[in-house]
There are 2 protein chains.
Amino acid sequence: MIPVDTFDLKILSALQDDGRLTNQELADLAGLSASQCSRRRMRLEEEKVIAGYHADLSSEALGFGVIAFIQVGLATHSPDNSKRFRTLVNRIDEIQEAYSLTGDADYVLKAVLRDLKGLSNLVNDVLMPHQSVAHVRSSIVLDRLKESSKLPLKDLKAG
Amino acid sequence: MIPVDTFDLKILSALQDDGRLTNQELADLAGLSASQCSRRRMRLEEEKVIAGYHADLSSEALGFGVIAFIQVGLATHSPDNSKRFRTLVNRIDEIQEAYSLTGDADYVLKAVLRDLKGLSNLVNDVLMPHQSVAHVRSSIVLDRLKESSKLPLKDLKAG
DNA sequence: TGAGACGCGCAAGGAGCGTGCAAACGACAC
DNA sequence: GTGTCGTTTGCACGCTCCTTGCGCGTCTCA
């Protein structure tokens, strides 16, 4: 865990909201000079506290109409089989997130697709037939209440 | 759905990977001049195809050790009760994503927490006692295979 | 008390940004 | 074929923004 003070937290929080903030804008928000913000930002990038910057694209504007959560059970739990499944998941760009979980299913995937045909294709033609997979259950997202990847920095005390 | 050509797709794809790319770098990647990339980027921002830019922070480096998926069933399905629940969800920064789904549960939440105590607090002291909530089941993430919010732009034909 | 380390703001040189402008291109009508 | 209009492009220029060097103030510890 990397030491981070109140200034860093302000900078991180601001960049989480707007990743293209100017050093001067950052300076105004954090109560520092622009040069100092530049230096701190560079340090946070080098330490990989800031992992990267990404544009957030509108799925609606680009015609991705379906989001689905897919629960997957593996055929066997051998290391080889897990590895096969992970390779498969990595290859599929429609899968944005993939986790192994405690509880019923072995894995949960979150996928973004143009339409239900795309989901059907993913589930029935790609996942189901794969040798590593035993069963699949998908749930379609009806409504998005919230969708971000912001960390709750306010939970942090400056260290 | 907004018209987007091959140049736009290259720009969007590049900015999805690195949101702080320079117009000149964008120009090299897309095969255009820097000024033209600037103009196109501004257009895409105005049209809200680009919804924003965000720094991606390392949860490990910042000491967030627990990710959990929480399935929630509402007490009743009245509009009032849904609204109460949505307000609750919006207030809680630890909840990054929240969706209503087809299938068993009414809602799925994804939460990021410092430790299991934080999860226990969220589930037992915040969600469970809330009047809108009937039952809660949480699954802890054991492993992250993939975690991004990149759209599969290669699925798109330039229009 | 003094020396070293650290973090700060300022200033300057260089890089990047966006607007104006004229040329190139494509579509369409005649 | 040819003329016209609208769109898109690259280039140039003025302006903003970025980063690095420098000197100053503060804190720590011997």
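The values are calculated or read from the model by the stated rules, or taken from the named source; none is laboratory data. Just so you know, these numbers come straight off a predicted model, no measurement behind them. Positions of Cβ are generated from backbone atoms using ideal geometry, with glycine treated the same way; all protein chains shown enter the neighbour counts. Each accessible area value is taken on the protein alone, full model and side chains, heavy atoms only, with ligands, DNA and RNA left out. Shrake-Rupley method; radii C 1.70, N 1.55, O 1.52, S 1.80 Å.
General observations
- If only the Cβ of Lys and Arg carry +1 and only the Cβ of Asp and Glu carry -1, the dipole of segment A:72-159 around its Cα centre is close to 280 debye.
- Take each residue in B:103-115, count the other chain C-beta atoms within 10 Å of its C-beta, and the mean is 3.
- Each of B:130, B:102, B:152 was placed along the dipole of segment B:93-159 (beta-carbon charges, centred on the mean Cα), and the one lying farthest toward the positive end is B:152.
- Mean separation of Cα pairs under 8 Å and 6 or more residues apart, divided by the residue count, gives segment B:11-90 a relative contact order of 17 percent.
- Listed pairs A:150/B:150; A:110/B:10; A:146/B:150; A:150/B:83; A:110/A:154 exceeding 19 Å between Cα atoms: A:110/B:10; A:150/B:83; A:110/A:154
- Heavy atoms of residue A:87: accessible area, 1.4 Å probe, square angstrom to 10: 80 Å²
- Rounded, prolate or oblate (a/c below 1.5 giving rounded, otherwise prolate when a/b exceeds b/c) for the protein assembly as shown by Cα gyration tensor: oblate
- A simple spin-label model places pseudo-atoms 7 Å from Cα toward Cβ; at residue B:17 and residue B:33 they are separated by 2.6 nm.
- Closest approach to the axis - chain A beta-carbon, rotation onto B, Å: A:19, 2
- Each Lys and Arg adds +1 at its Cβ and each Asp and Glu adds -1 at its Cβ; summed about the Cα centre, segment A:6-55 shows a dipole of about 140 debye.
- As a fraction of the 1.4 Å probe accessible area of the protein assembly as shown, surface on carbon and sulfur atoms comes out at 50 percent.
- Taking the label point 7 Å along Cα→Cβ, residue B:79 and its counterparts in the other copies are spaced 5.8 nm apart, in ascending order.
- Note on segment A:32-97 and segment B:61-124: Cα centroid distance 21 Å, given to the nearest whole angstrom.
- The modelled label-to-label distance for the pair residue A:124/residue B:81, using points 7 Å beyond Cα in the direction of Cβ, is 3.5 nm.
- Overall, the protein assembly as shown carries a charge dipole of about 60 debye about its Cα centre when +1 sits on the Cβ of Lys and Arg and -1 on the Cβ of Asp and Glu, all other atoms neutral.
- Computed [θ] at 222 nm, deg cm²/dmol, chain A (DSSP H ≥ 4; -39,500 (n - 2.57); rounded to nearest 500): -9500 deg cm²/dmol
- For residues of B:39-51, the mean tally of beta carbons on other chains within 10 Å: 2
- Solvent-accessible heavy-atom area per residue, rounded to whole Å², over segment B:3-54 at 1.4 Å: 49 Å²
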